[in-house]
There are 2 protein chains.
Amino acid sequence: MNDLAPIGYAGRADRVRQRFDEAALLVTNLTNVRWLTGFTGSNGWVAVLPDRLVLGTDGRYRDRAETELADAGVDAEILTGFTRPEQHDQLIGTLRGLATVGAEAASITHAAWTSLAAEIDIVASDGHVEAERRVKDDGEVARIAEAARIADAALAAVAPTLGDGLTEVDVRDELDHRMRRLGAAGPSYDTIVATGPQNAARPHHEPGTRRIVEGDTVVIDVGALVDGYHSDMTRSYVVGDASAEQGEVYALVLEAQLAGLDAVSAGVAAREVDAVCRDIFEAAGRLDWYLHGTGHGVGLVIHEDPFHSRTSTQELLVGDVVTVEPGLYRSGFGGFRVEDLVVVTESGCRILTETSKDTPCLPSRPTT
Amino acid sequence: MNDLAPIGYAGRADRVRQRFDEAALLVTNLTNVRWLTGFTGSNGWVAVLPDRLVLGTDGRYRDRAETELADAGVDAEILTGFTRPEQHDQLIGTLRGLATVGAEAASITHAAWTSLAAEIDIVASDGHVEAERRVKDDGEVARIAEAARIADAALAAVAPTLGDGLTEVDVRDELDHRMRRLGAAGPSYDTIVATGPQNAARPHHEPGTRRIVEGDTVVIDVGALVDGYHSDMTRSYVVGDASAEQGEVYALVLEAQLAGLDAVSAGVAAREVDAVCRDIFEAAGRLDWYLHGTGHGVGLVIHEDPFHSRTSTQELLVGDVVTVEPGLYRSGFGGFRVEDLVVVTESGCRILTETSKDTPCLPSRPTT
């Protein structure tokens, strides 16, 4: 990752401080801990105090915490305990004497909360880090773009083989293996390879041993993980020549997806991106084939704010990284979904996904 | 998985009922939900009521829940809601009118707890499912054994290449890819390939781009995932001829590991398995090279009760599936760990790991 722009850790804690009203904020959501400090361990907390940060973790992670915080340029006191009582005492010692402390009730367990509340005055104070984490800086976008590039390259190698008589898991395994060989830490979620009249009709199908045959619709939803950052894209195919209905449905999904992309811009309501796709499907009499929302934010987690859904109340911001991913599905027909990953700009968006979506058709060369 | 013995879901809820004192138990830990019902979705709860089970999840999972509970032979009412308020109302409707309800405070978030406590009388009631989940039935052991077999086969193919000038991630990627091609859902944890004087000295090293060279110690910790069940093993190598110290340290680790295996039997204190290994290292003056506990239970999660640690208070039970995994590590030297996965029996244990551990030496055929 040394050739990618650095992530801008400076100022993050200050921006979060301006959002909460309590004397301090105890951050226990590990994604939020990582965003604030660069620390990637599987156990830890950060106390955002008025004048400093404290990171607590266990003894396994002392070296990692020191290295990662130094690499991030984050100045924080690091406390490591080898036993749970020791770690508990360190946390209480950090917070004792302060007035009311905010804590992330949506991520901390009730058992942990009860144990803290017995010794300090805490109140639920959620969403402050998430609100800041949503907009990505140049270093974060660079990592997401690199992850998108890796998924593009893996799919470019694998898509031409879809007509070769492979199974869904064959395709999934090859995609995942290639992404790693291209430098990804792994797939950014469970890769979806959904094929044929039944499986491709399920938006979240888990790949199985079904063999791809001529005439199938094929939906491939694949992303890579780079330095903690995710990518996300979907392309859809027909193996062999598309039927008239396949051609019509694919064209409709693509029309909606391009309209969704056109709608993305800073200041636009996230629900509007969903609405433009939904309207196109409704006008074509296919709205009942649409089974999910139109997209979501992507970053250190694969699904985060903002969501392009009918119930969203959020506006898109410059620096949001979001998907636009309408699809149509029907049991007996199969399905198509087309998904790009984009960065929201003042006047529109920059598309990070580079794989072509002009036509779904692939040659069929079954081996059987 | 159709050729493996079925998992014994019958009677599980009744065994859990005998452990708790409240009118009902609300199970929110998803591993516990799966163990009780076979349901594998990423969102759900089970209410263990006096006379029946209720499973709640969201609309995405209606089909999956019905199929998986039917496959498991579990008779439960299934409630699915499409919105969060609807799901909340279903949960409250299930529990309202009962006397005090136990809930898993160690897994439920404080926000969810608060929301429930506003409407029903709940108390923390933890560990009941875990206590029953610990001992594996024949169907569970069959899946763990199959996972162990897959990891054995992947390592058998990859170990002979360690002298070929590969990097750590090369080896990791090949192991993971082969496990999937052999039928695993994936690796059962992040595969460890730790090589050379510094990296092999870190028990939980993350594979990097270091190239393996002659004289290296190499620690490979690898397991497969089959139908939700994990395997776990470690083998260690020297690339080329072992030095006198490498030979001596490897022999010591192997001696401890064999002694640890010998100690495993129903009725034995889990800490005793740790103690026999520790004693051997201490007698050899190498105890300060031992940086972790000697093993842990393995099942639907990779680390679960019982733990072979100095602080354990548990006794081994027939049907526990546990690791025995002593190792020695020193910066500048590297390290060795040898780990088998075993099923505890009345009089000892049955070893599921079949990879040889007689000698760590591999031919060196560097390509450079």
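The values are calculated or read from the model by the stated rules, or taken from the named source; none is laboratory data. Since the structure is predicted, the reported quantities are computational estimates derived from the model, not experimental observations. Glycine also receives a Cβ, built like all others from the backbone with ideal geometry; neighbour counts cover every protein chain displayed.
Of all residues in region A:113-130, those satisfying the criterion of being in a helix (DSSP H, G or I) and at the interface with another protein chain (Cβ under 8 Å from one of its Cβ atoms) are A:Trp113, A:Thr114.
Condition first: among the polar types (S, T, N, Q) and either touching a Leu at 6+ places or on another chain (Cβ under 6 Å) or crowded, with 19+ Cβ neighbours inside 10 Å (or both). Can you find one or more residues in region B:258-267 that meet it? No - not one qualifying residue is present in region B:258-267. Test B:Val193 against the stated conditions and say whether it is within 14 Å of chain A (Cβ to nearest Cβ), surrounded by fewer than 22 Cβ atoms within 10 Å (Cβ to Cβ) and closer than 28 Å to B:Tyr290 by Cβ. No.
Residue-by-condition table, conditions (1) exposed (fewer than 14 other Cβ atoms within 10 Å of the Cβ); (2) within 14 Å of another protein chain (Cβ to nearest Cβ); (3) in a helix (DSSP H, G or I); (4) in contact (Cβ under 8 Å) with a residue 24 or more places away in the chain:
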{"site": "A:Gln87", "(1), (2), (3), (4)": "no, no, yes, yes"}
{"site": "A:Thr94", "(1), (2), (3), (4)": "no, no, yes, yes"}
{"site": "A:Ala99", "(1), (2), (3), (4)": "yes, no, no, yes"}
{"site": "A:Ala111", "(1), (2), (3), (4)": "no, yes, yes, no"}
{"site": "A:Val141", "(1), (2), (3), (4)": "no, no, yes, yes"}
{"site": "A:Ala145", "(1), (2), (3), (4)": "no, no, yes, yes"}
{"site": "A:Arg149", "(1), (2), (3), (4)": "no, no, yes, yes"}
{"site": "A:Asp152", "(1), (2), (3), (4)": "no, no, yes, yes"}
{"site": "A:Ala156", "(1), (2), (3), (4)": "yes, no, yes, yes"}
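A search for C-beta distances below 8 Å between a residue of region A:232-260 that is farther than 22 Å from A:Pro160 by Cα and any residue that is modelled with pLDDT under 95, counting only pairs 6+ apart in sequence or on different chains, returns A:Gln257/A:Lys357. Sub-7 Å Cβ pairs linking a first residue in region A:313-336 that is on the phi > 0 side of the Ramachandran plot to a second residue that is among the basic types (Lys, Arg), at least 6 apart or interchain, are A:Gly319/A:Lys136, ordered by first then second residue.
Does A:Asn43 count as of a type outside the set (A, V, I, L, M) and more than 20 Å from A:Ala124 (Cα to Cα)? So A:Asn43 fits the description; yes.
Applying the criterion of at least 2 residues that are touching a residue at least 40 places away in the same chain (Cβ under 8 Å) and not β-branched (Val, Ile, Thr) to the strands (runs of 3 or more DSSP E) found wholly in region A:18-81 leaves A:24-27, A:45-48. Within region B:308-345, being in contact with a Gly (Cβ under 7 Å, 6 or more places away or on another chain) and of a type in the set (Gly, Ala, Ser) holds for B:Ser309, B:Gly327, B:Gly334, B:Gly335.
Listed here are the residues, each with its yes/no results for (1) closer than 26 Å to B:Tyr61 by Cα; (2) within 18 Å of the chain's Cα centre (by Cα).
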position	(1), (2)
A:Ala124	no, no
A:Glu130	no, yes
A:Leu155	no, no
A:Met179	no, yes
A:Arg211	yes, no
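Restricted to region A:60-72, and to residues there that are surrounded by 12 or more Cβ atoms within 10 Å (Cβ to Cβ) and over 25 Å from the mean Cα position of the chain (by Cα), the residue that is farthest from the other protein chains (Cβ to nearest Cβ) is A:Glu66. Using the structure shown, decide if B:Ala284 is surrounded by fewer than 17 Cβ atoms within 10 Å (Cβ to Cβ), touching a residue at least 24 places away in the same chain (Cβ under 8 Å), hydrophobic (A, V, I, L, M, F, W, C) and not assigned by TED's automatic domain parsing to the domain that holds B:Thr31. So B:Ala284 fits the description; yes.
Among the residues of region A:163-179 satisfying the criterion of being in contact with a strand residue (DSSP E or B) (Cβ under 9 Å, 6 or more places away or on another chain) and at pLDDT below 95, which is nearest to the other protein chains (Cβ to nearest Cβ)? Please lay out each step first, then the result.
If we filter region A:163-179 for residues that are in contact with a strand residue (DSSP E or B) (Cβ under 9 Å, 6 or more places away or on another chain), which is where we start, we get A:163, A:165-172, A:175-176, A:179.
From what is left, the residues that are at pLDDT below 95 are A:163, A:165.
Numbers: A:Gly163: 21, A:Gly165: 16 Å.
For region A:163-179, the residue satisfying everything is A:Gly165.
In region A:240-281, what residues are assigned to a strand (DSSP E or B) and at pLDDT 95 or above? Please lay out each step first, then the result.
Going residue by residue through region A:240-281, those that are assigned to a strand (DSSP E or B) are A:240, A:269.
The answer is A:Ala269, and nothing else.
For region A:13-29, does any single residue satisfy the condition of being at pLDDT 95 or above, within 25 Å of the chain's Cα centre (by Cα) and among the polar types (S, T, N, Q)? Looking through region A:13-29, at least one residue is at pLDDT 95 or above, within 25 Å of the chain's Cα centre (by Cα) and among the polar types (S, T, N, Q).
Could you tell me which of the residues A:Glu140, A:Glu132, A:Glu119, A:Glu146 is modelled with pLDDT of 95 or more and touching a Ser or Thr at 6+ places or on another chain (Cβ under 9 Å)? Give the steps one after another, and end with the answer.
Numbers: A:Glu140 fails: touching a Ser or Thr at 6+ places or on another chain (Cβ under 9 Å); A:Glu132 fails: touching a Ser or Thr at 6+ places or on another chain (Cβ under 9 Å); A:Glu119 fails: touching a Ser or Thr at 6+ places or on another chain (Cβ under 9 Å).
Sole residue among the options that is modelled with pLDDT of 95 or more and touching a Ser or Thr at 6+ places or on another chain (Cβ under 9 Å): A:Glu146.
Test of understanding: among B:Ser364, B:Ser312, which residue is farther than 17 Å from B:Val238 by Cα, surrounded by 15 or more Cβ atoms within 10 Å (Cβ to Cβ), at pLDDT below 95 and touching an Asp or Glu at 6+ places or on another chain (Cβ under 9 Å)?
On the way: B:Ser364 fails: farther than 17 Å from B:Val238 by Cα.
Testing whether each residue is farther than 17 Å from B:Val238 by Cα, surrounded by 15 or more Cβ atoms within 10 Å (Cβ to Cβ), at pLDDT below 95 and touching an Asp or Glu at 6+ places or on another chain (Cβ under 9 Å) leaves just B:Ser312.
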